[in-house]
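Here's the structure, in structure tokens; my notes come after.
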Amino acid sequence: MCAPPLAHLDHYLLTAHMLQHLLLMLVTAPLIVLGIGPVAFPEPPPAICWLAGSATVIVWHIPAIFELALRSPAWHVFEQASFVIAGILFWRPVVGGSGWLVPVYLFLATLPCDALSAFLAFCGRVVYPHYLGGHAGKFGLSAIDDQELAGALMWFAVTFAYLIPALLLTSRLLSLERSHSAGIEVS
């Protein structure tokens, strides 16, 4: 079976594993949502979409569950599928939404990811025993360096992936409010 290089690296580097998760949730999922456009089935409430995205990230980073996905190819596929599905749910209110709910939604979504990222970056111990095997040394990193890098990558990527659309929408909403208060309609 042929797999992309990142798929082979995720057993050696937590940073590569984290990059996979980020690509699935922050790139693949929103592109799918943009490609699907309006769908025939009803959209779940934003709170359910937010919870699906946040809970998926948190649950899969519980050490015992994370290790299960590393040991079992079937669980790893399930993990990746859940990131895509949760990502699609998460991005639906953002892509199709308008109004002040979306920037608030995105801001609130950064909080659990920021907490997890900070924990990985600053806890001072290796959280996932699989990465204690010394594989990171092949890449010039210790296991704790790899974990800190993975935490920093998640922190940076999630913050910007959520911040950029929130800022763009906020700017548009403020512009619309200024236009309406001045009696001018902007399309």
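Just so it is clear, none of the values below were taken in a lab; they were calculated from the coordinates. From a predicted model like this one, the values you see are computed outputs, not experimental measurements.
Using square roots of five times the C-alpha gyration tensor eigenvalues, list the equivalent-ellipsoid semi-axes of segment 124-187 in whole Å, biggest first.
Values: eigenvalues 458, 16, 9 Å².
Each semi-axis is the square root of five times an eigenvalue, giving 48, 9, 7 Å.
Quick one: Cα convex hull volume of segment 42-98, Å³ per residue? Show your work: numbers first, answer last.
On the way: hull volume 3.9 nm³, N = 57.
Each residue corresponds to 68 Å³ of Cα convex hull volume.
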State the Kirkwood hydrodynamic radius of segment 82-172 in Å, one decimal place, computed from all pairs of distinct Cα atoms. 14.8
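At 1.002 mPa s and 20 °C, plugging the Kirkwood radius over alpha-carbon pairs of the chain into Stokes-Einstein gives what diffusion coefficient in µm²/s?
120
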With a ≥ b ≥ c taken as the square roots of the eigenvalues of the C-alpha gyration tensor of segment 33-136, please select rounded if a/c is under 1.5 and otherwise prolate if a/b is larger than b/c or oblate if it is not? oblate
What list of ³J(HN,Hα) couplings, whole Hz, do you get for segment 51-68 from phi and the Karplus terms 6.51, -1.76, 1.60, once you set θ to phi - 60° and write x for glycine and proline? 5, 4, x, 5, 5, 4, 4, 5, 4, 5, 9, 5, x, 5, 6, 4, 5, 4
